[in-house]
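Take a look at the structure set out below.
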Amino acid sequence: EDRRMTKAHLKVHMGGVPTAIEFYQSAPTPNLILLESRSEPKQLLEQLAQLSEYCDPSSKVVVIGHYNDVGLYRELIRSGISEYVIAPVSMADVVSVVSSIFVDPEAEPL
């Protein structure tokens, strides 16, 4: 158990980006959406563009993908994705990415 995640509330939905699109059409988006996708880069970008139509602008999105492609990474970041991580990832990797997104650089160390 990592202390950085003590206040996190999680909901897990299986199905990747298509399921997220369907779910968030009728539900408010959380502070963070963490998605895993095996989609090809072009399809992934199209799916995420569709998802963005339903996301609150303040929601952060992290994608765990299976393509080690710097061009894809740059395009995702340019389109507003908070982070792209290449699978496989450990729980420590996930905690590190999530905490880096929400860290306050002005905050005092704990």
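Does the stretch 32-51 include one or more residues that are among the hydroxyl-bearing types (Ser, Thr, Tyr), within 13 Å of the chain's Cα centre (by Cα), over 13 Å from Gly16 (Cβ atoms) and in a loop (DSSP other than H, G, I, E, B)? Within the stretch 32-51, not a single residue is among the hydroxyl-bearing types (Ser, Thr, Tyr), within 13 Å of the chain's Cα centre (by Cα), over 13 Å from Gly16 (Cβ atoms) and in a loop (DSSP other than H, G, I, E, B).
Among the candidates Tyr67, Tyr73, which residue alone is of a type in the set (Phe, Trp, Tyr), part of a helix (DSSP H, G or I) and in contact with a strand residue (DSSP E or B) (Cβ under 9 Å, 6 or more places away or on another chain)? The conditions single out Tyr73. If the condition is being modelled with pLDDT of 90 or more and in a helix (DSSP H, G or I), then the stretch 5-29 contributes Gly16, Val17, Pro18, Thr19, Ala20, Ile21, Glu22, Phe23, Tyr24. In the stretch 17-29, the condition of being in contact (Cβ under 8 Å) with a residue 24 or more places away in the chain and small (Gly, Ala, Ser) is met by at least one residue. Of the numbered criteria (1) in contact with a Leu (Cβ under 9 Å, 6 or more places away or on another chain); (2) without any contact (Cβ under 8 Å) to a residue 60 or more places away in the chain, the one Ile101 fails is (2). Residues in the stretch 53-76 that are farther than 23 Å from Tyr24 by Cβ and of a type in the set (Val, Ile, Thr): 1 in all. If you take the residues of the stretch 40-91 that are small (Gly, Ala, Ser) and buried (at least 19 other Cβ atoms within 10 Å of the Cβ), which of them is nearest to Met14 (Cα to Cα)? For the stretch 40-91, the residue satisfying everything is Gly65.
The values are calculated or read from the model by the stated rules, or taken from the named source; none is laboratory data. Predicted model, so just to flag it, every value in this text is computed and none were measured. A quick note on method: Cβ atoms are made from the backbone with ideal geometry, for glycine too, and the neighbour counts reach across all protein chains shown.
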